[in-house]
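Chemist: Before I ask anything, let me first share the structure, which is written out below as structure tokens.
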Amino acid sequence: MRDLPTPTIDFSLLSLPRGSLHRQDVPRVGLVSDAQPRHKGGLSVSWAQHADEVSEAQRLRYRVFGQEMGARLDTRVPGHDIDLFDNYCEHLLVRDTASSEVIGTYRVLTPAQAKRVGCTYSDTEFDLTRLRCLRERMVELGRSCVHPDHRHGGVIMALWGALGEFMQRNQLDTMIGCASIPMLHNGVVSGDVAASIWRQVQGTHLAPIDVQVRPRLPLPVEQLDGTLQVEPPALIKGYLRLGAKVLGAPAWDPDFNTADLPMLMRLADLPVRYRKHLLGC
């Protein structure tokens, strides 16, 4: 597998301690103008350049996943969500321009970095054997979250626009990731909501058999009530509108208290109405 041509941002360094990405004393190379912050509608979108910026994303993730969702986070730094993949990922940030606070984030694992770390995060939850022919041009999106005071379409569209540009600049065409469904519903921990959402998307957005995957720890959907009339989380609905496919049944993530749907999106499948905004064409 070859590395990306002319990287737009410095890729993560293998020798750094866990939880830090870019040393401030390391010269930045390979930057181009569109790696700089972009401003629109009170939002600023940029890629993290230093460890302190990655820490801002990790603090937002802790607030959303740890405090709001009740995830059990194995972290060495209090108030931060950190795992071993962070050192290998590029971190996309959306800031409120008025306060400069990070209010939205994604992390992106490129094919070259997935090779260096040995796998993707999704590999830990699913058997991705059938995706092996896609890996050379496939990135993994993960740890997507938005500050609770800013959950409107503008933040997500800003993130997606920057991701689309990143994919095109680096000649990548496929995105995968785990889309989470909270197990807490009406104050009760239950898998019925996830089972019901799986039943819905199974009938309308299931990927072809040649790219379907299997969960390593399956949610026991056959033992759950899959007949509830519930809406999928906003992020999953957004992915489906963009042409994403569900790769199979959900995995159960007991640490994050979620059921995770494996999803795949190809740039070629983007509906026409979204192509101009996300890809500029």
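Each reported figure results from applying straightforward, stated rules to the coordinates on display, with no laboratory input. Please read these numbers as outputs of a predicted model, since none were measured by experiment. We place every Cβ from the backbone using ideal geometry, glycine too, and count neighbours over all the protein chains shown.
Chemist: Going by how many other Cβ atoms sit within 10 Å of their own, how do His91, His80 line up, fewest first?
Modeler: Lowest count first: His80, His91.
Chemist: Assign one of three labels to region 74-120, namely rounded, prolate or oblate, based on the Cα gyration tensor with a ≥ b ≥ c the square roots of its eigenvalues; rounded applies when a/c is under 1.5, prolate when it is not and a/b is larger than b/c, and oblate otherwise.
Modeler: Because a/c hits 1.5 or more and a/b fails to exceed b/c, region 74-120 counts as oblate.
Chemist: By the scheme Lys and Arg +1, Asp and Glu -1, what is the net charge of all other residues having a beta-carbon under 12 Å from that of Arg241?
Modeler: With Lys, Arg at +1 and Asp, Glu at -1, the net is +1.
Chemist: Checking the a/c ratio against 1.5 first, then a/b against b/c, what shape does the Cα gyration tensor give for region 140-235? Don't jump to the answer; show the numbers that get you there.
Modeler: Numbers: a/c = 2.41, a/b = 1.37, b/c = 1.75.
Judged from the Cα gyration tensor, region 140-235 comes out oblate (a/c at least 1.5, b/c at or above a/b).
Chemist: While we're on this one: Per 0.36 nm of contour for each residue apart, how much would the distance between Asp149 and Thr129 grow if the chain were fully extended, relative to their Cα-Cα spacing?
Modeler: Working it through step by step, the gained length comes to 3.3 nm.
Chemist: Can you order the peptides 58-65, 262-269, 273-280 by their average number of other Cβ atoms within 10 Å per residue, highest first?
Modeler: 58-65, 262-269, 273-280
Chemist: Per q in 0.12, 0.14, 0.16 Å⁻¹, report the Debye log10 I(q)/I(0) for region 33-279, using one uniform scatterer on each alpha carbon and no solvent.
Modeler: Listed by q, the Debye log ratios stand at -0.68, -0.95, -1.29.
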